[in-house]
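Heads up, the thing below is written out as structure tokens.
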Amino acid sequence: MIKRLDPRQFPDFTSKRTIDRHMDRLDSQGVSRRDFLSIASAGAVAGATATALGLPSVAVADPSGKLVYLAWTTRVEYMVQAGAVFEAATKALGLSYTLLDGQFDSQRQLNQTETEATNGTKAIVLHASDGSALKRISQIAADNQIYFANVWATLPWFTPFEASDYYTLYAVPEEFSAHRGVTVELLKAVTERFGGGSIIDVTGVPGFSTDTVRSRGRDDAFKDFPKTKLVGELPGNFNREDSLKATEDLLSRHSDIVGVVAQNDDVAQGVIAALRAAGLRPGEDVLVVGADGTTEGANAIKAGQQLATSANSPGYFAALFAGRLYDVTHGWRPRAAERLLYWRSVTTTADNVDIYLNRYVNNNGVEPFDYRKFSRVLHPDDWDPQNEVFPLDIDQEWAGVPKPEGWQYPPAYLEAKNNGEWEAVTQEYRDHYQIPFFGPSPNV
């Protein structure tokens, strides 16, 4: 039988004396009374709930906890920019922070996870080069009570529900629509300007789940533009050096191209360099689109060298994930529909790139987000996802990818979709979304 929560178990945090006594006993240097009350209240509720349910005590981390960002490389601009926002967000949240370079090596990232477990780290963001180490990393996290969140690369059909509660979040932009959108911009432009023609694609890492879904969005766009044709593709591994070589190879086979789909903005930079080396003018002779909304991508659009990108902002994922890990290490628990999330990208062209540049690039040191408002613990009533965020549909995300033998939908996922939770979470995030993603910084 489940016991009722007894409010008498909670400390009296209306009393200044009680607050001061607890702050004196904790390492609370640099923590305001307001933050302390948020953290303490989350801890009291979490502890009382665990007691009522007959569960072991719930540990609530102190504000000086460490967040580690396992980037799969620092050779890609996206991860460098994300790392900078992680540093700013963790500072605003009172966490320490480290970025570790995986150097394109999943085994290295696994080793880094094991090292951080021995160091007592309690929050990790995994940005993997592929999904091969994900199950082992999730097991290490469960064994060592480390909360972690995963972005981009994953094992299709492997969700947080197959791991443990410590795998708190898998989230990515909704890439099918996003990459379809930039491809439409390209195919529409080459049809209007050249009457159609041949298109090549420099893709990402073969087998990478995001690369797969972006390719599906690209292919869907071609259905509406019969005068265009995808004539060749090669992997650029999401970095400009490999993409330059891939583009050179494709140009040697297809000399009459009028457009290039690049699978991200780093790839687009490699494409642009290769076009120039071949005596072609990016933005005039050949049109190029990318993805992610990096600084270089946005600047290339402004300069007329790149036609479009799907701006999801490298910094946005860092801010969102920092807020989630802060909250779960301070007692907050997500519902099932909140453990798999999408966020919305914005198709960015010359028509709207100035908005993006002012907010995320040429911002004179003004941070693009209110980092503390990502936290439910610090802002229980007015938290704000600062973008359109909604539950991830695994059938859409991994459409066309065979399910593992014997795979079944996680019961918690199905229940959330069938009992109204899915719709309730969607509406709640919509209601709390107040600071526009494509608008001025809230800190201006």
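Once the Cα-Cα distance is subtracted from the 0.36 nm per residue extended length, the ARG193 to LYS223 segment shows a gain of 8.9 nm.
Derived scalar couplings between HN and Hα for segment 262-269 equal 9, 7, 7, 6, 5, 4, 4, 5 Hz in order, rounded to whole Hz, by the Karplus curve 6.51 cos²θ - 1.76 cosθ + 1.60 (θ = phi - 60°), x for Gly and Pro.
For segment 195-284, applying the loop criterion from DSSP together with a ceiling of 12 other beta carbons within 10 Å to the GluC sites (Glu not before Pro) yields GLU284.
Hey, what did segment 327-391 get for relative contact order, percent, Cα under 8 Å, at least 6 apart? Taking the mean separation of contacting Cα pairs over the length of segment 327-391, I get 45 percent. When a/c is below 1.5 the answer is rounded, else prolate if a/b is larger than b/c, else oblate, so apply that to segment 136-214 with a ≥ b ≥ c taken from the square roots of the Cα gyration tensor eigenvalues. It is prolate, given that a/c is not under 1.5 and a/b is the larger ratio.
Between the helical axis of 175-194 and the longest alpha-carbon principal axis of the chain there is an angle of about 20 degrees. Cβ-Cβ distance of ALA350 and ALA142, R₀ of 45 Å, FRET efficiency by 1/(1 + (r/R0)^6): the value works out to about 0.40. Largest GNM mean-square fluctuation across ASP266, ASP220, ASP384, computed for the chain with C-alpha springs under 10 Å, falls on ASP220. Between ASN299 and ARG333, the modelled labels are 4.7 nm apart [label points 7 Å from Cα along Cα→Cβ]. VAL377 exposes around 10 Å² of accessible area when a 1.4 Å probe is run over every protein chain in place. Taking a ≥ b ≥ c as the square roots of the eigenvalues of the alpha carbon gyration tensor, segment 170-315 is rounded, as a/c is under 1.5. Per residue, the accessible area of segment 174-318 comes to 34 Å², computed with a 1.4 Å probe over protein heavy atoms only. The antiparallel fraction among DSSP beta bridges confined to the chain stands at about 15%. Taking ALA336, ALA399, ALA128 as the candidate residues, the one with maximal mean-square fluctuation in a Gaussian network model of the chain, Cα springs under 10 Å, is ALA399. Among PRO404, PRO334, PRO160, the largest mean-square fluctuation in a Gaussian network model of the chain (Cα springs under 10 Å) belongs to PRO404. By the helix-only formula, in which each DSSP H run with n ≥ 4 contributes -39500 (n - 2.57) and the sum is divided by residues, the chain has a 222 nm mean residue ellipticity of -13000 deg cm²/dmol. Does segment 82-173 classify as rounded, prolate or oblate by the C-alpha gyration tensor (a ≥ b ≥ c root eigenvalues; a/c under 1.5 gives rounded; else a/b over b/c gives prolate, otherwise oblate)? The shape class here is rounded. Remark: relative contact order (segment 335-444) = 44 percent; criterion is Cα-Cα distance under 8 angstrom and separation of 6 or more residues.
Under 5 Å between amide hydrogens, built in the peptide plane, is the criterion, and for ILE124 it picks out VAL68, TYR147, PHE148, ALA149 among residues at least 5 positions away or on other chains. Counting only protein heavy atoms and a probe of 1.4 Å, the accessible surface of the chain is 50% carbon and sulfur.
The values are calculated or read from the model by the stated rules, or taken from the named source; none is laboratory data. Please read all numbers here as calculations on a predicted model, not as lab measurements. In this analysis, Cβ positions are derived from the backbone assuming ideal geometry, glycine residues included, and neighbour counts consider all displayed protein chains. Side chains are part of the model used for accessible areas, which takes the heavy atoms of the whole protein and leaves out ligands, DNA and RNA. Shrake-Rupley method; radii C 1.70, N 1.55, O 1.52, S 1.80 Å.
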